[in-house]
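Engineer: One structure is given below, represented as structure tokens, and several questions about it will come after.
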Amino acid sequence: MSRRFDAVVALDQVSLGIGASEVHAIIGENGAGKSTLMNIFCGKLQPSGGELCRDGRPLVLRTPLDAQLAGIAIAPQEVNLVPALTVAENILLGAQPQGRLGMIDWGRTRAQAAACLAKLDDTIDPDLPVERLSKAQQQLVQIARAVATKARILIFDEPTAALTDREAQRLFRFIRSFRDGGGSVFYTSHRLDEILALADRISVLRDGRLVAELEPRRTSKDEMVQHMAGRPVEIGPGKGHDLQDRPVVLEVQGLTRPHEFEDIGFALHEGEILGIAGLVGSGRTELGKCIFGVTSAKAGSIRLFGQPFSASHPADAIARGLVYLPEERKQEGIFPLLSIAENMAMPAMDRFRRLLGLRFNEMVGEVETYVRKVGIKIGEPGDVITTLSGGNQQKVILARWLMKHSKVLILDEPTRGIDVKAKFEIQSFLRGLARQGLSIIYISSELQEVLDVADRILVMHEGRAKGIRPAGEATQESLLALAMS
Amino acid sequence: MTHEITGTAGSRPRRAGPAEFVRRFRQWEASGILIALIVLVVALSLAAPNFLSQYNLSVVARQASFVGLVALGQTLVLLMGGIDLSVGAAAGLSAIVGSLLLTALGIHPYLALPLTMLFGLALGCINGFFVAKLRLNPFIVTLASWEVFAGLTLVITKGAPIRPLGEDFRVFGQGSLFGVPVPVLIFLSAGLILAYVLARTRFGRNIYAVGGNREAASLVGIRVWRIEFLVFGLAGMFAALAGMLYASRMDAGQPSVGEGWLMGAITAAILGGTSLRGGQGSIVGTILGALLMAVLANGIVLLNVSGYWERVIIGLVVLIAILVDLWRRR
């Protein structure tokens, strides 16, 4: 089975199966193709090649409803509930038992929902609106909704990400009893311990390919990590120059924001690229935004150029030369209706302020300088920014902070969603900036990228800093092992 | 005018050819309304000979000024991605307070007018506080303040007009300079100043930035709440100005001042190409929109069509404007 997204192959010739009474775990790094596979199983995506079969007969799932009718249900990673409706209604949404005249039979709705919920948890009140529940409880309701479909094949996509240990143990008990009753379960998780404890079979995906099938009883976390990361790749020379002699520009100590990250500490030297590697949910983006002043820390301290630093608004950070390039370019980066020039010059606009208003000609002149410096392909500086490709838009946003003469750049997934060539250009440009003395924090969930570009790498996992390694001595495997430790 | 084109601030002049001119004109949000206005003016001057008389034109322009001033403030709010439903009521309450300043306190008109505008600014800032600081939905906040302002007007006046406002005050609504009515002069100069502010100042560009992408605006260091607070304040100030000019025109602070101005203001802005989603629109467009509505109303009178048709026609014109806009974007 394969699946293509435009030019990117998300899945390539993956074949796998599942029997009755089996828990089949699927593991891999972000972007390995797990979610694509799950989405095909539940009818949200169509394979562009290959087919699904059931009991030897082809199974065509054009919509999620087809999948539901075929007895397949998914408990997605993202909570997807109606906040104002009660727990019971959410669990049976669209399938509420009806009485005479098509009216919903609330008594039976409540009873059925409560029965499903009881398999997972007995602390949640079915009559409460979902918005009053904690994140973990909402996750459980989401799972109960899959259970309520009475499907024979259940798909769990990172079900324990938001759960506490106790809740997770309860979920595992349910999954085992469901399996023992003849059900089949596909299960993905980044927590390798629970995979080992739960799975009957483990498939490892990497870059859209099925690279290994493992027996839980005969494998280890190390072996799994090795398969997920692939062969260790060669690290290019010329990095890791002697940082010890360089002044520390940014020092973070014990920085904490409950439920986001805890006790993070590191020092960033002048001219250094410090990579922060971590999966979605590791707290890396939250950390970046907190340093930038979008949110405020509960505990800990930051020193910038040797002075105590605490930004209550991004404007404070920008004024001190510390800036942040957001992860979501469309939602948080660009002004889609404004010109390339204004998108780039927005933070530096004050420089062009004169008695009688802004001097656009001066502004455009400087914008053109940076267009050349960063190597951005544009028509006219006055064109709307959305006329550019993603890679060039990203370069404009990067140039935005250079034009502001920033000293410390926090870049959050700076190469996400842009093509390989632009990615390479941005990375080598960043190395050039570091040589000129700029200090960069490079956040990414792609380990290889961090290994390629950073001098040192801080590994984050579930809100905690797991350690800092020089990039020259690290491999994908060692970083992954550090994260999972 | 080129900098009114919101997407292209920062363009350098290209070789000016007819093709380039057409391209620019089509990109401009207010191109449709300008054509519509010209067509309508030509048609009316052919159908009704007295349309072009100086007297009639000054009536039309003055008609456009009151709602037009309110629409200027509303345009700022819409550009920022908000909406202010309380502008009509703020105009009414301000006109009453201003009338009391003139009559009960005997304050000189040249002082009473700015004082009343400050009062309007304060009314708007109340909205601004709830929207910007407490992050409440502007529709709901201003729906509530609309009721409060309108109610206070009735509480103060008990439904009776405050009159007369004095000889000296009448110049604002009834006077004219070189044959142009004073309210029209005020409306156009306010429009010009605002257009300049929007195109050429940090504050103006920040309004477009906040309306186009609030998140991104905050992340490039714009203190979004200040912009929102101030813009709602300005909307209140322009409403107060319009209310006072109207009171001067009538020589009375009537409790009904500002009724119907809200929808007129929003319509003028939308006709002028301002997007309800924020980030797109222009002051020139709004001025043209206000003029178009006044010309329409005037045409209905001149052509002896029943006045009851006015709202039907305006509604249809808005629909046509939206369709033209749809075509323009293709």
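Engineer: Take every residue in peptide A:384-397, count the Cβ atoms of other chains within 10 Å of its Cβ, and give the average of those counts.
Structural biologist: Shielding by partners across A:384-397 averages 1.
Engineer: Give a residue-ordered list of calculated ³J(HN,Hα) values for the range A:475-483 (Karplus: 6.51 cos²θ - 1.76 cosθ + 1.60, θ = phi - 60°; whole Hz; x for Gly, Pro).
Structural biologist: Each residue's phi maps through the Karplus curve to give 10, 3, 5, 5, 5, 5, 5, 5, 5 Hz.
Engineer: Let me ask something else. Compute the projected area of the convex hull of the Cα atoms of chain B, averaged over all viewing directions, and report it in nm² to one decimal place.
Structural biologist: 18.0
Engineer: With the solvent-accessible surface defined on protein heavy atoms using a 1.4 Å probe, which residues belonging to the range A:368-382 display a reduction of at least 10 Å² in accessible area in the multichain context relative to the isolated chain?
Structural biologist: The answer is A:368, A:380, A:382 - residues whose exposure falls by at least 10 Å² when every protein chain is included.
Engineer: Now, a different point. How much area per residue is accessible in chain B when the probe is 1.4 Å and only protein heavy atoms are counted (Å²)?
Structural biologist: I get 44 Å² per residue for this part.
Engineer: For a label point 7 Å from the Cα of residue A:253 along Cα→C-beta, name the residues of the range A:294-313 whose backbone N is under 18 Å from it.
Structural biologist: Flagged as within label range: A:297-311.
Engineer: Hey, got the average number of other protein chain Cβ atoms within 10 angstrom for residues in B:192-202?
Structural biologist: Mean partner shielding for this stretch: 2.
Engineer: Around residue B:135, under 15 Å between beta carbons, what's the net of Lys plus Arg minus Asp minus Glu among the other residues?
Structural biologist: Once positives and negatives cancel, what remains is +2.
Engineer: Same structure, new question: How large a share of the accessible area of the range A:160-289, in percent, is made up of carbon and sulfur atoms when the probe is 1.4 Å and the other protein chains stay in place?
Structural biologist: Result for the range A:160-289: 43 percent of the exposed heavy-atom area is carbon or sulfur.
Engineer: For labels at residue A:436 and residue A:169 in the simple 7 Å Cα→Cβ model, what's the distance in nm?
Structural biologist: If labels sit at residue A:436 and residue A:169, their model points lie 5.7 nm apart.
Engineer: Amide H of residue A:209 versus every other amide H placed in the peptide plane: which residues, excluding those fewer than 5 positions away on the same chain, fall under 5 Å?
Structural biologist: Counting only residues 5 or more places away or on other chains, the set is A:12.
Engineer: Taking every residue in A:322-333, how many Cβ atoms of other protein chains lie within 10 Å of its Cβ, on average?
Structural biologist: Other-chain Cβ atoms within 10 Å of each residue's Cβ, averaged: 3.
Engineer: Tell me, what % of the accessible area of the range B:52-329 is carbon and sulfur with a 1.4 angstrom probe?
Structural biologist: Summing carbon and sulfur atoms, their accessible area is 69 percent of the total for the range B:52-329.
Engineer: Here's another thing I want to ask about it. Per residue, what volume in Å³ does the Cα convex hull of the protein assembly as shown take up?
Structural biologist: Dividing the Cα hull volume of the protein assembly as shown by its residue count gives 221 Å³.
Engineer: Relative contact order (percent) for the range A:106-189, with alpha-carbon contacts under 8 angstrom and 6 or more residues of separation?
Structural biologist: Dividing the mean separation by the residue count of the range A:106-189 yields 32 percent.
Engineer: Turning to a different aspect of this structure: Under 5 Å between amide H atoms, partner at least 5 residues away or on a different chain: which partners does residue A:466 have, H built in plane at 1.01 Å?
Structural biologist: Correct list: A:459, A:460, A:461.
Engineer: With labels modelled as points extended 7 Å from the Cα through the Cβ direction, what inter-label distance (nm, one decimal) is found for residue B:178 paired with residue A:128?
Structural biologist: Taking the simple label geometry, residue B:178 and residue A:128 are separated by 7.2 nm.
Engineer: Read phi for every residue in the range B:212-229 and hand back ³J(HN,Hα) as whole Hz from Karplus 6.51 cos²θ - 1.76 cosθ + 1.60, θ = phi - 60°, with x for Gly and Pro.
Structural biologist: Running phi through 6.51 cos²θ - 1.76 cosθ + 1.60 with θ = phi - 60° gives x, 6, 4, 4, 4, 4, 5, 6, 9, x, 7, 7, 4, 5, 5, 4, 4, 4 Hz.
Engineer: In the structure displayed, which of A:34/A:135; A:135/A:421; A:221/A:423 lie more than 30 Å apart, Cα to Cα?
Structural biologist: A:135/A:421; A:221/A:423
Engineer: If I model a spin label as a point 7 Å beyond the Cα along the Cα-Cβ vector, how far apart are those points for residue B:259 and residue B:276 in nm?
Structural biologist: Distance between the two pseudo-spin positions: 2.5 nm.
Engineer: Something else: Of the accessible area of the range A:293-421, with the probe set at 1.4 angstrom, what percent is carbon plus sulfur?
Structural biologist: The value for the range A:293-421 is 53 percent carbon and sulfur by accessible area.
Engineer: Pairs of Cα atoms under 8 Å, at least six residues apart: use those to get the relative contact order of chain A, whole percent.
Structural biologist: That works out to 15 percent.
Engineer: Around residue B:124, what is the net charge, scoring Lys/Arg as +1 and Asp/Glu as -1 over all other residues with Cβ under 15 Å from its Cβ?
Structural biologist: 0
Engineer: Non-local amide H neighbours of residue A:104 (under 5 Å, H modeled in plane, Pro and chain starts lacking H): which ones?
Structural biologist: Here the answer is A:99, since their amide H atoms fall under 5 Å of that of residue A:104.
Engineer: Now for a separate question. I'd like the Karplus ³J(HN,Hα) series for the range A:109-116: coefficients 6.51, -1.76, 1.60, θ = phi - 60°, whole numbers in Hz, and an x wherever there's a Gly or Pro.
Structural biologist: 4, 5, 5, 4, 5, 4, 5, 5
Engineer: Using a Förster distance of 41 Å, how high is the FRET efficiency between residue B:223 and residue B:155, based on the Cβ-Cβ distance and rounded to 0.05?
Structural biologist: Taking R0 as 41 Å, the efficiency between residue B:223 and residue B:155 is 0.70.
Engineer: What accessible area per residue, rounded to a whole number of Å², is obtained for chain A using a probe radius of 1.4 Å?
Structural biologist: Here the per-residue accessible area is 44 Å².
Engineer: Related question: Evaluate E = 1/(1 + (r/R0)^6) for residue B:167 and residue A:380, where r is the Cβ-Cβ distance and R0 equals 51 Å; express this FRET efficiency to the nearest 0.05.
Structural biologist: Result of the calculation: an efficiency of 0.35.
Engineer: Would you compute the Debye intensity of the range B:272-330 from its alpha-carbon atoms alone, equal scatterers and no solvent, and pass along log10 I(q)/I(0) at q = 0.15, 0.17, 0.20, 0.29 Å⁻¹ to two decimals?
Structural biologist: -0.52, -0.64, -0.82, -1.20
Engineer: How many Å² of accessible surface get buried when B and A come together, counting both sides, probe radius 1.4 Å, rounded to the nearest 100?
Structural biologist: Buried area between the two chains comes out at roughly 2800 Å².
Engineer: Oh, and also: Dividing the convex hull volume of the Cα atoms of chain A by its residue count, what figure in Å³ per residue is obtained?
Structural biologist: Residue-normalised Cα hull volume stands at 181 Å³.
Engineer: While we're looking at this one, here's another question. Between residue B:313 and residue A:177, what's the calculated FRET efficiency when r is the beta-carbon distance and R0 is 51 Å? Round to 0.05.
Structural biologist: 0.15
Engineer: Where a Cα-Cα gap under 20 Å defines reach, which aspartates and glutamates qualify for residue A:377, not counting those fewer than 8 residues away within the same chain?
Structural biologist: A:342, A:366, A:368, A:419, A:425
Engineer: Further question: For chain A, which span is the longest to avoid every loop-located (per DSSP) member of GluC sites (Glu not before Pro) having at most 11 other Cβ atoms inside 10 Å?
Structural biologist: By the stated rule (loop sites, at most 11 other Cβ atoms within 10 Å), A:235-485.
Engineer: Could you calculate, for the range A:394-477, the ratio of the Cα radius of gyration to the Kirkwood radius, expressed as Rg to Rh?
Structural biologist: 0.96
The values are calculated or read from the model by the stated rules, or taken from the named source; none is laboratory data. The shown structure was predicted, so the numbers you read here are calculated from the model rather than taken from an experiment. Every residue, glycine as well, gets a Cβ built from its backbone with ideal geometry; the counts of neighbours run over all protein chains shown. Keep in mind that these areas ignore ligands, DNA and RNA; they rest on the heavy atoms of the full protein, side chains included. Shrake-Rupley method; radii C 1.70, N 1.55, O 1.52, S 1.80 Å.
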